[in-house]
Amino acid sequence: MKAVVTTGNGGYEKLSYTDVPIPVPSAGEVLLKVLAAGVNNTEINTRLGWYSSSVTGSTDAVSNRSGGDEESLADGGWNEATPFPLIQGTDCCGEVVGVGGHVSTDLIGRRVLVRACMRPQGYDNYANVWMASDFDGAFAQFVAVPASEVFTVACDWTDAELATIPCAYGTAENMLHRAGVGRGDHVLVAGASGGVGSAAIQLAVRRGASVTAICASAKAEQVLAIGAAHVIERNDNVVAVLGDDSVDVVVDNVAGTSFGNMLKVLRRGGKYVSSGAIAGPIVSLDMRDMYLKDISLIGCTAWDEPVFSNLVGYIERGEIRPLLAKVYPLEDIAIAQQEFMEKKHVGNFVLVPPAL
């Protein structure tokens, strides 16, 4: 089959479009024909080794380094060292075409989404395994995954539209779930035009919250169209615009130098929730802002049990809609990731493997 194999930490030269064997599903697994696969920050971060403690800059800063000679970083992966060579691709819409032992053949022919974040030790333990970071993912014509992690979805969305959902919407729903966002809450979403940010807007609004979004002014109209009540230009000072103690929940995957102001706009008892730091992982924290206002800081990686089934229900009931920015053939992955890093789009990019 055709696949994109990431050979190590580095630049786009580490992405090899090549032939590899079709995986054979083990007991408890299904074989999927990949119909479409989304593009996310996590694939780029993993290739770059951005998760390593040795990296202190933004994703942009790391992506602009010269590539080609980097050694794989021992702590550069999602949980630990990335198992290079690796087929990435966290988002997968696929068709079940084969099953391993102890799996019902009733699944064959069904269109499914894959829950990319898996909790093999149960939901009382935060240990997690991610498709495409810990084992081969969906940047290929076929992928084998645990049968417990595939979900059929009854909807009229295209394959590419469904492929926008798993990582971005799963991450956003998990943050809102952990923060307990509900009706009447004022939620501030940073990086609102990205995949996770735009998902968080839709998902917060369906929970009955009011959303203020931070994004570039060129994207304000699109962000308002998906449900934001107000937009703040990303270079503006949020404290000056909103005032102190004005927000119930901050959803922030940007971090960097703006982190301190995010705590200042939170009300007493407010919650700051994050699953990323694209502007830089090292931040300045004034402890007085945190403890004097009884603020909760919530880190989110492992998805909680209701998250993915919630998303399937939202799709089937028409409560959310896909934000498909652009579709590329799988072989053009480097072009797709380069354009992704330009951050000129709203929503998600998707790759489509070649027809069989």
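The values are calculated or read from the model by the stated rules, or taken from the named source; none is laboratory data. From a predicted model like this one, the values you see are computed outputs, not experimental measurements. Positions of Cβ are generated from backbone atoms using ideal geometry, with glycine treated the same way; all protein chains shown enter the neighbour counts.
Overview of values
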| item | result |
| --- | --- |
| Scan of segment 156-177 for residues that are surrounded by fewer than 20 Cβ atoms within 10 Å (Cβ to Cβ) and assigned to a helix (DSSP H, G or I), ordered by number | Asp159, His177 |
| Residue within segment 193-207 that is among the small types (Gly, Ala, Ser), under 22 Å from Arg267 (Cβ atoms) and not in a helix (DSSP H, G or I) present | no |
| Single residue of Ala144, Ala132, Ala138 found to be under 19 Å from Val352 (Cα atoms) and either in contact with a helix residue (DSSP H, G or I) (Cβ under 7 Å, 6 or more places away or on another chain) or not assigned by TED's automatic domain parsing to the domain that holds Glu331 (or both) | Ala132 |
| Qualifying residue in segment 75-89 (condition: in contact with a Ser or Thr (Cβ under 9 Å, 6 or more places away or on another chain), without any contact (Cβ under 8 Å) to a residue 40 or more places away in the chain and under 19 Å from Thr42 (Cα atoms)) | yes |
| Members of segment 142-163 found to be within 11 Å of Pro322 (Cα to Cα) and aromatic (Phe, Trp, Tyr), listed by number | Trp157 |
| Those residues of segment 80-127 which are within 26 Å of the chain's Cα centre (by Cα), in a loop (DSSP other than H, G, I, E, B) and of a type in the set (Gly, Ala, Ser), in sequence order | Ala81, Gly89, Ala116, Gly122, Ala127 |
| Selection count, segment 161-192, where residues are small (Gly, Ala, Ser) and under 11 Å from the mean Cα position of the chain (by Cα) | 3 |
| Selection count, segment 208-239, where residues are in contact with a Cys (Cβ under 9 Å, 6 or more places away or on another chain), within 24 Å of Gly256 (Cα to Cα), of a type outside the set (Val, Ile, Thr) and not in a loop (DSSP other than H, G, I, E, B) | 1 |
| Verdict on Ala140 being farther than 14 Å from Gly227 by Cα and either surrounded by 24 or more Cβ atoms within 10 Å (Cβ to Cβ) or β-branched (Val, Ile, Thr) (or both) | yes |
| Entirely in segment 276-356, the helices (runs of 4 or more DSSP H) that have 2 or more residues that are surrounded by fewer than 17 Cβ atoms within 10 Å (Cβ to Cβ) and without any contact (Cβ under 8 Å) to a residue 40 or more places away in the chain | 287-291, 333-342 |
| Segment 235-245, subset in contact (Cβ under 8 Å) with a residue 24 or more places away in the chain and within 17 Å of Ala192 (Cβ to Cβ), residue surrounded by the most Cβ atoms within 10 Å (Cβ to Cβ) | Val238 |
| Residues being surrounded by fewer than 10 Cβ atoms within 10 Å (Cβ to Cβ) and either of a type in the set (A, V, I, L, M) or not assigned by TED's automatic domain parsing to the domain that holds Ile22 (or both) - total across segment 93-112 | 0 |
| Among the candidates Ala36, Ala27, residue that is more than 23 Å from Val352 (Cα to Cα), assigned by TED's automatic domain parsing to the domain that holds Ser133 and at pLDDT 95 or above | Ala27 |
| Candidates Val205, Val153 - the one that is over 23 Å from Val20 (Cα atoms), assigned by TED's automatic domain parsing to the domain that holds Val30 and β-branched (Val, Ile, Thr) | Val153 |
| Candidates Ile295, Ile333, Ile278, Ile315 - the one that is β-branched (Val, Ile, Thr), at pLDDT 95 or above and assigned by TED's automatic domain parsing to the domain that holds Cys215 | Ile295 |
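Residue-by-condition table, conditions (1) hydrophobic (A, V, I, L, M, F, W, C); (2) on the phi > 0 side of the Ramachandran plot; (3) within 24 Å of the chain's Cα centre (by Cα):
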{"site": "Val249", "(1), (2), (3)": "yes, no, yes"}
{"site": "Asp252", "(1), (2), (3)": "no, no, yes"}
{"site": "Ala255", "(1), (2), (3)": "yes, yes, yes"}
{"site": "Lys264", "(1), (2), (3)": "no, no, no"}
{"site": "Lys271", "(1), (2), (3)": "no, no, yes"}
{"site": "Gly280", "(1), (2), (3)": "no, yes, yes"}
{"site": "Met287", "(1), (2), (3)": "yes, no, no"}
{"site": "Cys300", "(1), (2), (3)": "yes, no, yes"}
